[in-house]
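These notes are about the structure you will find just below.
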Amino acid sequence: MVKNVFALVGNTPLLDLSRYSPKAAVKIFAKAEWANPGHSVKDRPASRIIHAARQNGELTCDRILLDSTSGNTGAAYALFAAALGIRVRLVVPENVSPFQKNLLRAYGAEVIWTSALEGSDGAIRVARAMFAENPRRYYFADQYGNAANWQAHYHTTAVEIWRQTQGSLTHFIAGLGTSGTFVGTGRRLLKCNPAIRLISFQPDSPFHGLEGLKHLPTAIAPAIYDAALAHDNLEIATETAQHWVRELARREGLLIGLSSGATFEACRRVAARLDAGVIVTIFPDGGHRYLDDGFWEMK
């Protein structure tokens, strides 16, 4: 019996996609994070951030949870806040998809829309200004600087991967947005086996369509990001990610999100340069929230 949505977070399945590996001796596995209650990997940090804030007294019934988001973390905050009877106010770029807008409305979140031209960085600046103006009114969750973000993956994601692969993985790959998934999972996996190689990736330009990911050279670097952690960092084009989203939907019946498509390309690139190995990655979300995007009509 499950008592609440918090109990549904984590223990997501590990998909075997090794048949798409360019090398027979290199295995590729991906965590299907759409199995979380909010259908994304962001349920992990959002639930931990809220739990920690309630435990230490920062998030009380008379304070509003405030943060900036480009979509998935906001939806996660909103669903958990609804379950707890907490008010949540989110600062969101106005160009997020209609699906994301409707999702936030469905959970009852209050939304402040910011300029699409300023992207997620613009939303970050507005959220910071709102908190600075009235710190007693808000609990500023600050997903980009909150240690509970990466700790969620340190204590759950990495542990699950180690168990599901029976400690056999040789490489871990994840994209950089807040960087919590890569930093937290990577740090814990290195404690399990210092020989594991950690590879991060990001969009190949400032203007991209990979929601949730950041082109770090031109963006506000997350405070929790550890630049020394990655053994290698790749750049992935939006069009390549879109290709794999279409391919896996049509060939495997797997409806993955755009960042998952980028992740898959990163895995294939790493696999191509190995003689043998076990690669594990994260598919951050599914593709249902991107069905209105025009790339589906492309061949």
So, in the stretch 244-297, of the ones that are aromatic (F, W, Y), in contact (Cβ under 8 Å) with a residue 40 or more places away in the chain and not in a strand (DSSP E or B), which residue ends up surrounded by the fewest Cβ atoms within 10 Å (Cβ to Cβ)? W296
In the stretch 141-156, what count of residues is obtained for those that are touching a Gly at 6+ places or on another chain (Cβ under 7 Å) and either surrounded by fewer than 22 Cβ atoms within 10 Å (Cβ to Cβ) or of a type outside the set (A, V, I, L, M) (or both)? 6
Please find, within the stretch 167-196, the residue that is farthest from the chain's Cα centre (by Cα) out of those that are part of a helix (DSSP H, G or I) and touching a residue at least 40 places away in the same chain (Cβ under 8 Å). R187
Any hit, the stretch 146-166, residues being in contact with a Cys (Cβ under 8 Å, 6 or more places away or on another chain) and in a helix (DSSP H, G or I): yes
Qualifying residue in the stretch 207-227 (condition: among the polar types (S, T, N, Q), within 22 Å of L15 (Cα to Cα) and either without any contact (Cβ under 8 Å) to a residue 40 or more places away in the chain or in contact with a strand residue (DSSP E or B) (Cβ under 6 Å, 6 or more places away or on another chain) (or both)): no
Residue match in the stretch 136-152 (condition: in contact with a Pro (Cβ under 6 Å, 6 or more places away or on another chain) and either of a type in the set (S, T, N, Q) or more than 30 Å from I64 (Cβ to Cβ) (or both)): yes
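Each reported figure results from applying straightforward, stated rules to the coordinates on display, with no laboratory input. Fair warning: this is a prediction, and the values are worked out from it, not measured in the lab. Neighbour counts run over all protein chains shown; Cβ positions are idealised from the backbone, glycine included.
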